[in-house]
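Step one of this worksheet: look at the structure below.
The values are calculated or read from the model by the stated rules, or taken from the named source; none is laboratory data. Here the structure is a predicted model, which means the values were calculated and not measured. Note: ideal-geometry Cβ built from the backbone for every residue, glycine included; neighbour counts use all protein chains shown.
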Amino acid sequence: MKHVIDEFLRRLAVGDPDRIAELFADPADWRVSWPEPHHPAVPWIRPRSSRADVADHFRTLGNACVSGEIRVDQVLADGIDGPDAVLIGTSAQTVKLTGKRFVTSFAVHLTVGGGLITRYHVYEDSLAVAEAFAG
């Protein structure tokens, strides 16, 4: 599991959506922390499950925001060989459309099976993100 998470973080830092998506199972259990399945103001918030969806998520996020900072402060793993991990960190981005910056702490619950990410659940300050998109 650790090598998959390390590679995910490396590819995330490089910012290549297609290479990031290669690390995901197809389908994957995908959830971003919104109470509704869609959020009209934030273009990357919608249900997803396929590798193509994963690539689109990271591509849309990259197109909507000025390259910002994503910092992972801690990785909590489910034992040495357990399938689950939680990434805890901070994301600071600026929305291209509005010029507004948002900073949010996050937790990402990942599950790895068969060398691929099978679960990707994000918990973040959804309100800060939505307010940055508000005109």
Among the residues of the range 101-110, write down those that are buried (at least 16 other Cβ atoms within 10 Å of the Cβ) and farther than 16 Å from L9 by Cβ.
-> F102, T104
Of I117, I88, the only residue that is surrounded by fewer than 19 Cβ atoms within 10 Å (Cβ to Cβ) and either assigned to a strand (DSSP E or B) or touching a Leu at 6+ places or on another chain (Cβ under 8 Å) (or both) is I88
Which is at pLDDT 95 or above and either among the polar types (S, T, N, Q) or within 17 Å of V112 (Cα to Cα) (or both), of R31, R51, R59?
-> R51
So which residues in the range 82-135 are acidic (D, E) and either at pLDDT below 95 or farther than 27 Å from R51 by Cβ (or both), if there are any at all?
-> E124, D125, E131
Taking A132, is it out of contact with any His (no Cβ under 7 Å at 6 or more places or on another chain) and either under 22 Å from R59 (Cβ atoms) or buried (at least 16 other Cβ atoms within 10 Å of the Cβ) (or both)?
-> yes
Does the range 66-78 contain any residue that is at pLDDT 90 or above, among the aliphatic types (A, V, I, L, M) and outside any strand (DSSP E or B)?
-> no
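Would you confirm, using the coordinates I've provided, whether T104 is touching a Lys or Arg at 6+ places or on another chain (Cβ under 7 Å) and outside any loop (DSSP other than H, G, I, E, B)?
No; evaluated as a whole, the condition is false for this residue.
So which residues in the range 14-56 are in a helix (DSSP H, G or I) and either acidic (D, E) or touching a residue at least 24 places away in the same chain (Cβ under 8 Å) (or both), if there are any at all?
P17, D18, I20, A21, R51, A52, D53, V54, A55, D56
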